[in-house]
Amino acid sequence: MTRGKLDAPVVLGSARAEHIESMIGQLAELSEGGPGVTRLAYSPLERRAHALFAQWMSDLGCSVTTDAAGNTIAERPGAVPGRPAIGVGSHLDSVYSGGRFDGIAGVVAGVELVRLLAEAGMTLEHPLRIVAFAGEEGARFGQACVGSKLAAGLTARHVLDELTDRSGTSLSAAMREIGLDPDSAAAQGWDADDWAVFLELHIEQGKVLENSGAAVGPVDLISGSTRLSFVMTGRPSHTGGTPMLNRSDALAAAAEAVLIAETLASDDTHRGTRATVGRLSVEPNSITTIPGRVTFSLDVRDIDADRQRRAVTEIVGRVMATCRRRKVTLEVNLIADTSPVVMPLWVRQALVAGAKELDVPYRVLGSGASHDAQMINTFVPTALLFVPSRDGLSHVPDEWTEFAQVATGVDVLARAVIGLDKSMTASERVASKEEL
Ligand code: HGY
Ligand code: MN
Ligand code: MN
């Protein structure tokens, strides 16, 4: 049972929207400028956000460490030493010109949770670890969830050299530039025995909660994603001197590829598949030269693993036929591939119980986006709790969630954490008696 001073009944306060607003506002200042928030994976700005988070957590009495992958972990000790921790957290990096809530809401939720426990003088039986993951967004290096994948031991060392950003900087070089060691990052995953459960609060980045009027959404499954890079090489030449029938136009071929992906994902047999070309560059990108080389990304998401991979195979096959017909050479590389995952019911049920305890309207839903929770769930039972996104927008400056909505999510999260702390303690006590 949670313990207060002199074991008096402990009453937990409610999360305060103004606290959430202040922390989100301070973090939003840490941006490269331009529209929205740009605080890229493994950038100095991301480190400054982690430092601000670390300051908040040490001000609340937590011990703070940063692991080799750049994930920042703040620990509030539990009443019983040696127990595995309850983890809560999300990420602090953003996409280019993104919003101020994606990932951030889940980290500040953890800070507010610790504040509530401290103000109530409540100590859990288990240690509570609040985590700010590094490099969750794939916007810079193509692969999502870098920090949580490294924590889960899911990333081989060579991948850190192979992933590069728009300027050609490798992930390993970017890590070194901010004082991290890629060798240690790839070698030092987290110990599964140190963790009991993990919970992530995140904005939905879709419209289901807003449309249904639910205040929170325990997530039952998280989509998988397969990300590819395509390079098409045609024959650049004069736009005036080259007849239409005598061309190998790399951009025209790429344009067909974009529509192949969109058309395939939109047909009835792929309901639930999402395929997007989000980034494309043209060379020489000149008005009077037929494009000779086009590089673009493809992001395929699905809640069904087979359908996801089948869609990728079908898209690549059709694009190859297009390139043959247009006399354009094609190079395709796999950047990242993650399967969909069903979240463990018993941890999700703690979120449902928390919502019911507070009479907060909830609905269970799937996640179209990928999350750190997906990677942590490979070695720690994990739950993901959504709060609404206005008009379903995300990864854009207009991304918005009311601070009071985040606060409601924190209240539900707090009840879930306290409930799990009690139920796991009870089962650990039974287990230890059985061992006697
Ligand atoms: O791309 C995603 O799904 C997440 O925002 N990293
Ligand atoms: Mn996110
Ligand atoms: Mn995101």
Exactly one of Val410, Val430 is assigned to a helix (DSSP H, G or I) and more than 25 Å from the chain's Cα centre (by Cα), and that one is Val430
Unique match (being over 16 Å from the mean Cα position of the chain (by Cα), outside any strand (DSSP E or B) and farther than 23 Å from Val216 by Cα) among Ile287, Ile335 | Ile287
Looking at segment 394-403, is at least one residue in contact with a Leu (Cβ under 6 Å, 6 or more places away or on another chain) and not in a loop (DSSP other than H, G, I, E, B)?
-> no
Conditions (1) within 16 Å of ligand 1 (Cβ to nearest atom); (2) of a type in the set (Val, Ile, Thr); (3) surrounded by fewer than 18 Cβ atoms within 10 Å (Cβ to Cβ): number failed by Thr378 = (1)
Flagged in segment 55-83 as in contact with a strand residue (DSSP E or B) (Cβ under 6 Å, 6 or more places away or on another chain), farther than 30 Å from Leu160 by Cα, of a type outside the set (A, V, I, L, M, F, W, C) and not in a helix (DSSP H, G or I), in numbering order, are Arg76
Out of Ala120, Ala144, Ala74, Ala109, sole residue that is within 28 Å of Thr408 (Cβ to Cβ), in contact with a Cys (Cβ under 7 Å, 6 or more places away or on another chain) and among the small types (Gly, Ala, Ser) = Ala74
Which ones in segment 306-361 are on the phi < 0 side of the Ramachandran plot, out of contact with any Ser or Thr (no Cβ under 9 Å at 6 or more places or on another chain) and loosely packed, with under 15 Cβ neighbours inside 10 Å?
-> Asp306, Thr313, Gly317, Met320, Ala321, Arg324, Arg325, Val342, Leu345, Lys356, Glu357
When every residue in segment 71-106 that is without any contact (Cβ under 8 Å) to a residue 60 or more places away in the chain and under 15 Å from Leu52 (Cα atoms) is compared, the one nearest to ligand 3 (Cβ to nearest atom) is Asp93
Selected residue (only one of Thr382, Thr401 is within 16 Å of ligand 2 (Cβ to nearest atom), under 15 Å from Gly206 (Cα atoms), modelled with pLDDT of 95 or more and not aromatic (Phe, Trp, Tyr)) = Thr401
Somewhere in segment 369-380, is a residue outside any helix (DSSP H, G or I) and within 19 Å of Arg83 (Cβ to Cβ)?
-> yes
For segment 203-223, state whether one or more residues are basic (Lys, Arg), in contact with a helix residue (DSSP H, G or I) (Cβ under 8 Å, 6 or more places away or on another chain) and touching a residue at least 12 places away in the same chain (Cβ under 8 Å).
-> yes
Any residue at all in segment 419-434 that is in contact with a helix residue (DSSP H, G or I) (Cβ under 7 Å, 6 or more places away or on another chain) and more than 16 Å from ligand 2 (Cβ to nearest atom)?
-> yes
Flag if Val316 is more than 16 Å from ligand 3 (Cβ to nearest atom) and in a loop (DSSP other than H, G, I, E, B) | no
Within the bounds of segment 235-246, is there any residue that is surrounded by 21 or more Cβ atoms within 10 Å (Cβ to Cβ) and more than 16 Å from ligand 2 (Cβ to nearest atom)?
-> no
Provide a single number: the residues in segment 126-164 that are out of contact with any strand residue (DSSP E or B) (no Cβ under 8 Å at 6 or more places or on another chain) and either surrounded by fewer than 22 Cβ atoms within 10 Å (Cβ to Cβ) or in contact (Cβ under 8 Å) with a residue 40 or more places away in the chain (or both).
-> 11
Looking at segment 48-65, is at least one residue within 16 Å of ligand 3 (Cβ to nearest atom) and of a type outside the set (Phe, Trp, Tyr)?
-> yes
Read through the list (1) under 30 Å from Thr295 (Cα atoms); (2) of a type outside the set (D, E, K, R); (3) within 13 Å of ligand 2 (Cβ to nearest atom), then give the number of the only condition that Ala156 fails.
-> (3)
Taking segment 1-33 as the region of interest, how many residues are at pLDDT below 95 and either closer than 22 Å to Asp102 by Cα or in contact with a strand residue (DSSP E or B) (Cβ under 6 Å, 6 or more places away or on another chain) (or both)?
-> 2
Could you say whether any residue in segment 94-103 is among the aromatic types (Phe, Trp, Tyr), surrounded by fewer than 21 Cβ atoms within 10 Å (Cβ to Cβ) and within 16 Å of ligand 1 (Cβ to nearest atom)?
-> yes
Which members of segment 391-432 meet the condition of being charged (D, E, K, R) and away from ligand 3 (no atom under 16 Å from the Cβ)?
-> Asp391, Glu402, Asp411, Arg415, Asp421, Lys422, Glu428, Arg429
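The values are calculated or read from the model by the stated rules, or taken from the named source; none is laboratory data. If you're wondering where the values come from, they're calculated on a predicted model, not measured in any experiment. So basically every Cβ, Gly included, is an ideal-geometry build from the backbone, and we count neighbours across all protein chains shown.
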